[in-house]
């Protein structure tokens, strides 16, 4: 029984790392109505930004993470504006394929700059915390706290701030939002900045958790999409719940099957969701 | 094309998440050359059409035609039986020309199977030639001949509506279900469409038409069926319906709750 | 140098067959597939395993690979027929990754990341390496031409017209008497079959395959190729594939001049140029180079009035 609980805890830990990029992807999907797969490589960029900040500039962790947010958000919105916005006019398929090409481009920019090796951040090695007989890495707890904080801040932002309400308006009904004089372009850019920034924090936390390399993004691409599909694409709570489910699912797969098939879980999860409840748990329709 | 029998709708019900779209409906459709289904919004007309054409499964009941229950059939199977529908908005296949749109609706073309298409069996080629001839005639009947090679995206709204009619005819139908054929159409064109439909009944086609446009319904229908809140409210000639107080109330909003 | 060009040419021809397959599924039936390499790889592995472990003949291995993958592809098309573009994209990507994972991990079956070597091919031992390359190239190009003729025939036929109708408006296509689900599955089966054959040929010509020969990146490149060539145009798919591979290989030479770069940087730079070039082309030519042609009425053999 405690093994199952340990598994669940591990799953929730890794799920919380997946949560932020998943929220980012869902946000862009909801407001801009297209899947921006570049979220994956932006997460990688976030991870490397935190690495650079931490290892080269010797900045403390909170600053490094904030740095990751800013870099990821900026590159995310910049690349979207220059390269993806013209494609969105040509249709959602063109934009989606374009985002895949952008993803390859950004991943290789990182690879060009840093090579393929795994990089770790300078974090003190801390002993596990034992709570109720369950082992939890102390760093992991911090990571979850970071992820949760970011998610909560975003949630409050969406709910209460003017820009949050505008984002929701554009997501729900773009035509009506236009009539209400909401500048969809500006809202779109802000959404992309925030969403990509979140993906960057996610990448930074993943880098903290284990390490970062150029393939970080690709490794989370399928689980990320699976989390969004399970939770309901375009839904904030959906991305959170979906990420938790995927996290636990991957832990189970690693234990019951083989660690190599962790990514298979995302694929299977998508297939199952589409067969049972295609619009996801928190579907918007 | 000779009328065989009617669509027998028996105790059909459909509920969508709390909204009772169709409630225990039992009627026969298709006994007259042109029947019109009218009713206020939310009467269940679209749902009924979707059930008849196989896009929705009813919760209860069945629709019998030539001894088969349509509710267990796929839309393509229902079309093959001779029951063809159109949609509210004219929806031509955007990447096909007008001619190809007509050909695409052609029934019984073995060339639509990959293997037959690949080896180009003579039967498929002959069928294609036949279909082209039929398409040419249909286009001529609807005064669309000069536009045969035009991409369907270049057609005007009215031409698209006529194309819808033409496509339905290519299926070799016995009963044609038209979904608001003159919605958003100017009076001159709706007269044109009404004339075309009337002429087609002369060739043996039968129509069941869902419409809101009362002058069109008056001009064209042999028989009118009124639905309200998912049930059959009244049926008869247009004059009968016009003077039916229940129908008047349904449209004006004071629906007597049965 | 000639040897190298022949090998690249062979590779291009085989990849172009996969491009044609994608064009059938996506360009015509509207079903995007980011996992074409999954079919290619499956074909390669099945043929390789049948000939090396079970000592099947060359042609038998090819046929078995094609049929097995055709059935698998049919199922995928049958199950995913309702899926919208982006979902389908990720599911197919996941599928091809899944194939690669199985190839990497089921060592008992596939030798894992070591791959399968010494895959035989007819005449390899009796011909010199250069002559064999010429033969392989010829076979590959011949297969490509046959595939082109077959796919064009399918494209400009009632079958192709029905697929396009399904792509344009599935609901109306049902009403027109088309069983959209069955037809999409058929399109997948045909595409899977030809991709698997191409993969099997690759395995034999290359004599060695490993999971890393079939990275998901290649699936994306094939999507890029079909996009640039012009979706729905069969010759466009071939031209697009040639362009993409030419670019990918061409940049290899250019990058060699930049001797101050490390190998990993060189590889990264090449992928950066390909993806960026693709993006720019897509922005200015969203429909690709060749437009789709509406010619299905030619099937009857005489022009319409």
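The values are calculated or read from the model by the stated rules, or taken from the named source; none is laboratory data. Since this is a predicted model, take the numbers as computed values, not measurements. Backbone-built Cβ (ideal geometry, glycine too); neighbour counts: all protein chains shown.
For segment A:265-284, a tally of residues being without any contact (Cβ under 8 Å) to a residue 24 or more places away in the chain and within 11 Å of another protein chain (Cβ to nearest Cβ) returns 4.
Give the residues of segment A:75-102 that are free of Cβ contacts under 8 Å to residues at least 24 places away in the same chain and either in contact with a helix residue (DSSP H, G or I) (Cβ under 6 Å, 6 or more places away or on another chain) or within 9 Å of another protein chain (Cβ to nearest Cβ) (or both), sorted by residue number. Answer for segment A:75-102, where residues must be free of Cβ contacts under 8 Å to residues at least 24 places away in the same chain and either in contact with a helix residue (DSSP H, G or I) (Cβ under 6 Å, 6 or more places away or on another chain) or within 9 Å of another protein chain (Cβ to nearest Cβ) (or both): A:83, A:86, A:87, A:89, A:90, A:91, A:93, A:94, A:97, A:98, A:101. Looking only at residues of segment C:161-171 that are in a helix (DSSP H, G or I) and within 8 Å of chain B (Cβ to nearest Cβ), we find that the one that is surrounded by the fewest Cβ atoms within 10 Å (Cβ to Cβ) is C:171.
Residues checked against (1) exposed (fewer than 15 other Cβ atoms within 10 Å of the Cβ); (2) within 14 Å of chain C (Cβ to nearest Cβ); (3) more than 16 Å from the chain's Cα centre (by Cα):
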{"position": "A:113", "(1), (2), (3)": "yes, yes, yes"}
{"position": "A:129", "(1), (2), (3)": "yes, no, yes"}
{"position": "A:132", "(1), (2), (3)": "yes, no, yes"}
{"position": "A:137", "(1), (2), (3)": "no, no, yes"}
{"position": "A:150", "(1), (2), (3)": "no, no, no"}
{"position": "A:155", "(1), (2), (3)": "no, no, no"}
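For segment C:223-265, filtering for residues that are farther than 30 Å from residue C:48 by Cβ and within 14 Å of another protein chain (Cβ to nearest Cβ) leaves 12. Out of C:132, C:123, one residue alone is in a loop (DSSP other than H, G, I, E, B) and either at pLDDT 95 or above or more than 19 Å from the chain's Cα centre (by Cα) (or both). It is C:123.
If we scan segment A:134-150, do we find a residue that is in contact (Cβ under 8 Å) with a residue 60 or more places away in the chain, on the phi > 0 side of the Ramachandran plot and not in a strand (DSSP E or B)? The answer is no; no qualifying residue exists. Every test in (1) within 13 Å of chain C (Cβ to nearest Cβ); (2) under 17 Å from residue A:12 (Cα atoms); (3) in contact with a strand residue (DSSP E or B) (Cβ under 8 Å, 6 or more places away or on another chain) is passed by residue A:203 save one, and that test is (1). Restricted to helices (runs of 4 or more DSSP H) entirely inside segment A:1-85, those with at least 2 residues that are over 17 Å from the mean Cα position of the chain (by Cα) and modelled with pLDDT under 95 are A:2-32, A:61-79. Counting the residues of segment A:237-264 that are within 20 Å of the chain's Cα centre (by Cα) and either within 10 Å of another protein chain (Cβ to nearest Cβ) or on the phi > 0 side of the Ramachandran plot (or both) gives 3. Here residue A:155 qualifies as closer than 25 Å to residue A:75 by Cβ and modelled with pLDDT under 90.
Cβ separations smaller than 8 Å between residues 6+ apart or across chains give the following pairs from segment C:136-151 residues that are modelled with pLDDT under 95 to residues that are not in a helix (DSSP H, G or I): C:136/C:121.
Screening residue C:92 against (1) within 14 Å of another protein chain (Cβ to nearest Cβ); (2) free of Cβ contacts under 8 Å to residues at least 24 places away in the same chain leaves a single unmet condition, (2). In the condition set (1) away from chain C (no Cβ under 14 Å); (2) at pLDDT below 90; (3) touching a helix residue (DSSP H, G or I) at 6+ places or on another chain (Cβ under 7 Å), residue A:198 is compliant with all but (2). Annotation: residue C:74 fulfils all but one of (1) facing another protein chain (nearest Cβ under 10 Å); (2) under 18 Å from residue C:184 (Cα atoms); the unmet one is (1). Give the residues of segment B:181-200 that are crowded, with 16+ Cβ neighbours inside 10 Å and within 22 Å of residue B:6 (Cβ to Cβ), sorted by residue number. Across segment B:181-200, the qualifying residues are B:181, B:197, B:200. Residues of segment C:247-269 that are within 19 Å of residue C:9 (Cβ to Cβ) and touching a helix residue (DSSP H, G or I) at 6+ places or on another chain (Cβ under 8 Å): C:247, C:248, C:249, C:251, C:252. Comparison of C:50, C:67 shows that the only residue that is surrounded by fewer than 24 Cβ atoms within 10 Å (Cβ to Cβ), more than 12 Å from the chain's Cα centre (by Cα) and free of Cβ contacts under 8 Å to residues at least 40 places away in the same chain is C:50. Restricting B:39, B:17 to residues that are in the same structural domain as residue B:238 (by TED's automatic domain parsing), exposed (fewer than 15 other Cβ atoms within 10 Å of the Cβ) and either over 13 Å from residue C:175 (Cβ atoms) or without any contact (Cβ under 8 Å) to a residue 12 or more places away in the chain (or both) narrows the list to B:17. Is segment A:226-237 home to any residue that is out of contact with any strand residue (DSSP E or B) (no Cβ under 6 Å at 6 or more places or on another chain), without any contact (Cβ under 8 Å) to a residue 60 or more places away in the chain and either surrounded by fewer than 21 Cβ atoms within 10 Å (Cβ to Cβ) or closer than 22 Å to residue A:77 by Cα (or both)? Checked segment A:226-237: at least one residue is out of contact with any strand residue (DSSP E or B) (no Cβ under 6 Å at 6 or more places or on another chain), without any contact (Cβ under 8 Å) to a residue 60 or more places away in the chain and either surrounded by fewer than 21 Cβ atoms within 10 Å (Cβ to Cβ) or closer than 22 Å to residue A:77 by Cα (or both). What residue, among those in segment B:120-135 that are more than 22 Å from residue C:150 (Cβ to Cβ) and in contact (Cβ under 8 Å) with a residue 24 or more places away in the chain, is nearest to the other protein chains (Cβ to nearest Cβ)? Ranking the candidates gives B:132 first.
When the residues of segment C:201-222 are narrowed to those that are away from chain A (no Cβ under 14 Å) and within 21 Å of residue C:33 (Cα to Cα), which ends up modelled with the highest pLDDT? If we take residues in segment C:201-222 being away from chain A (no Cβ under 14 Å) and within 21 Å of residue C:33 (Cα to Cα), then C:202 is modelled with the highest pLDDT.
Consider residue C:198 carefully, then state whether it is more than 9 Å from chain B (Cβ to nearest Cβ), surrounded by fewer than 23 Cβ atoms within 10 Å (Cβ to Cβ) and outside any loop (DSSP other than H, G, I, E, B). No; evaluated as a whole, the condition is false for this residue. In segment C:105-120, the qualifying residues are those that are assigned to a helix (DSSP H, G or I) and buried (at least 18 other Cβ atoms within 10 Å of the Cβ), and the one that is nearest to the other protein chains (Cβ to nearest Cβ) is C:105. Provide a single number: the residues in segment B:77-119 that are within 23 Å of residue B:204 (Cα to Cα) and more than 9 Å from chain C (Cβ to nearest Cβ). Qualifying residue count for the region: 4. Considered as a group, the residues in segment C:172-186 that are outside any loop (DSSP other than H, G, I, E, B) and facing another protein chain (nearest Cβ under 7 Å) include one that is farthest from residue C:26 (Cα to Cα), and that residue is C:175. Checked against the criterion of being more than 14 Å from every other protein chain (Cβ to nearest Cβ) and within 26 Å of residue C:57 (Cα to Cα), the candidates C:189, C:140, C:147 yield just one match: C:140.
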